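Step one of this worksheet: look at the structure below.
Nothing in this text is a laboratory measurement; each read-out follows from the coordinates by a stated rule. Just so it is clear, the model here is predicted, and its values are computed rather than measured. Cβ placement follows ideal geometry from the backbone for every residue including glycine, while neighbour counts extend to all protein chains displayed.
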Amino acid sequence: MRLDLPVYAERFGANIFNNVQKIYEFDGGYELDDEFSSPFHVIQQISHERLHEIEKDMAIIIPVKNERLRLLESVLCGIPHDCLPIIISNSQHDPIDRFRMEQSMVDTFCRHAKKRYILAHQRSPELAQIFRDGGYSQLLDANGLVHAGKAEGMLAGITLAHLLGKKYVGFIDSDNYFPGAVFEYARLFAAGLSQAKSPYSMVRILWHSKPKVVGEGLFFAKWGRVSRITNQFLNQFFSHFTGYETDALRTGNAGEHALSMPLALSLDYSAGFSVETYHFVSLLEKFGGVMPSPYPEVMKAGVEIFQMESRNPHFHDADKGEDHINEMIEYSLGVLYHSPICPEQLKKEILSKLRRSKIISKDQEPVLPRRYPALASIDFKRAGKSVNWEVFGNYVPK
Ligand code: GDD
C-alpha cells in the first residue's frame, strides 16, 4: 500500500492524534521502492508481508442486529482470509429466528471459503458465562445475560478475540453494501496499525463519502449529520486544553476502527452508540495528563491514534430514522458533557445545541450512558476455562 506518512499530529498528554492520512494505492507493488526510505519523502510504502503479518493476528468484529443476510454475506466476502471474523449478533429469535438464519448462512459461506469464524448470540447463556467466570458482571443485565447494544456486542467480541490470542481487533458494521469497501477498511486497519511504535495504538476510518440519491443524481456527502456535530464539539474540547483551535479530530463517530489488544483492554467504554466518541474521552481522561493515569506503562509508551481516509464510498443501510440520528447525537455529546474534565463553557454549548435541536427539553440534561471499566480487569484464565468453542462456530483453538 502507498499512503501519506503521518507527519502532522496533535499531542495531548501521552496521546498522539495523527492528522488524516490519504491513500494513494491499495496495492503498492510487489517490490519495495527504496526511494520511499529517503527522509525527505512524505509518502510511504507498506509491504504485503507486513500487512499480512498484522492480518493474521487480527480479529474483525462484526456487530449484527437484524440486518439482511445478503449484506452480512457481502461483509464476510470483503474480510481478508487471514483475519478471523467474530460475529456478535443481537438478532431476533422470534417470531422468525433470524439468528438461526445467520448461523446457517455464515456456516455455509465459511465452508465454501474454507474460512474459520466465530459467531455468538449476544444474549446467549454461553456468552454470559464467560463474563460471569471472569468476574466482569458489569456487562450482565438483571437476567444474567450480556446487555443489548452495539458497544456491548463489541466488548464481547474483544473478550473472545483476546481469549483466542489475537493481537488486534477491528470493527466493521454488518450493513455495508460493498465488499470492496469492507476489504479496504480491513487493509487500512493493518496499514495503520503497522505504523505504530507503541504497543497502544488505534486506527479510525474517515469515510471518503456517503453517497445519497438527490433528485436524479448521486451526491457524495462527506459528513454525516452526527459526525459533523460530534467532531465540532470534540475539537472544542481538545482546543480548550491546548489553547490552540484545531480541526484535527475528524473521526469522532468512526464505527470502522481498530485497536491493538493492549489498548483495547486498557480503555473504558460506554454503552450503545456513544462508544466511538467515548474512546476520545477515555483517551483524554486516562492518558491526557489532566487526571492521574491508572496505567503508568501506557503513559510512558504513549498512545498513537491514526486517522485514515478511505477511498471507497461508504454505502450502508442508512434509513434508520430521525430518532436514531437524534439518539446518536445525544449519546455522543452526552459522554463529552458528563466527562469530569469537560470545561464549563463547553457544557453550556452542548446543552444549548441539544435544546435548540429539540433533542432534549429545556430543563433536561443529556443522557449519561452506562459505563464499562477496562476489560483488563477480567480474569481471563478463569473466563476461558470452561468455554466450549464449538458452540461459537468452527474455530477451535489448539
Ligand atoms: N451485536 C449488536 N448488538 N449489533 C448491533 C446492535 C446490538 O444491540 N445494534 C446495532 N447493531 C449493529 C447493526 O446491525 C450494524 O451492523 C451496526 O451495529 C451499526 O448499527 P446501525 O444502527 O446501522 O448504526 P448506524 O449506521 O446508524 O451508525 C454506525 O455508524 C456511525 C458513524 O456514522 C455505527 O457504527 C455507529 O456506532 C457509528 O458512530
With label points set 7 Å from each Cα along the Cα-to-Cβ direction at Q92 and E349, the distance between them in nm comes to 4.2
For I61, the residues 5 or more places away or on another chain with a placed amide H closer than 5 Å to its own amide H are I86, G170, F171, I172
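Please sort by residue number the trypsin sites (Lys or Arg not before Pro) in the range 315-385 whose DSSP state is loop and whose Cβ has at most 12 other Cβ atoms within 10 Å. Show your work: numbers first, answer last.
Values: sites: K320, K347, K348, K353, R355, R356, K358, K362, R370, R371, K381, R382, K385; in loops: K320, K358, K362, R370.
Hits after loop and neighbour filter: K320, K358, K362.
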Which residues make up the longest stretch of the chain that has no GluC sites (Glu not before Pro) in a DSSP loop with at most 11 other Cβ atoms within 10 Å? 32-215
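Kirkwood hydrodynamic radius, computed over distinct alpha-carbon pairs, for the range 7-77: how many Å, to one decimal? It would help to have the intermediate numbers written out before the result.
Numbers: mean 1/r = 0.0618 Å⁻¹.
For the range 7-77, the Kirkwood estimate is 16.2 Å.
For the chain, just run the numbers: alpha carbon Rg, then divide by 2.2 N^0.38 Å, N being how many residues it has.
Normalised by 2.2 N^0.38 Å, the Cα Rg of the chain equals 0.96.
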What aspartates and glutamates does K167 reach when the alpha-carbon gap must be under 12 Å and sequence neighbours fewer than 8 apart in one chain are set aside? E53, E55, D57
Listed residues P39, P80, P313; largest mean-square fluctuation, Gaussian network over the chain with Cα springs below 10 Å, found at P39
When the Cα centres of the range 325-398 and the range 225-290 are compared, how far apart do they sit, in Å? 12
The range 40-105: Rg/Rh from Cα coordinates, Kirkwood Rh? 1.19
Semi-axes in Å, largest first, for the range 261-303 (Cα gyration tensor, √(5λ)) are 19, 12, 7
By the scheme Lys and Arg +1, Asp and Glu -1, what is the net charge of all other residues having a beta-carbon under 10 Å from that of A383? +2
Which of D363, D247, D268 ends up with the largest GNM mean-square fluctuation for the chain, with Cα atoms connected below 10 Å? D363
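Once Rh is set to the Kirkwood radius over Cα pairs, what Stokes-Einstein translational diffusion coefficient, in µm²/s, holds for the range 217-266 at a temperature of 4 °C and a viscosity of 1.567 mPa s?
Working: Rh = 12.9 Å.
The Stokes-Einstein estimate is 100 µm²/s.
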Just check the range 315-385 against the gyration tensor rule for me: Cα atoms, a ≥ b ≥ c as the square roots of the eigenvalues, rounded for a/c under 1.5, and otherwise prolate or oblate depending on whether a/b exceeds b/c. oblate
Table column - 3J(HN,Hα) (Hz), the range 323-338, Karplus curve with 6.51, -1.76, 1.60, x for Gly and Pro: 4, 4, 4, 5, 5, 5, 5, 4, 5, 5, 6, x, 6, 5, 4, 8
Exposure-ranked with fewest Cβ neighbours within 10 Å first, T242, T230 stand as T242, T230
Could you name the lysines in cross-link range of K320, using Cα to Cα under 25 Å and dropping any fewer than eight places away on the same chain? K65, K150, K210, K212, K222, K353, K358
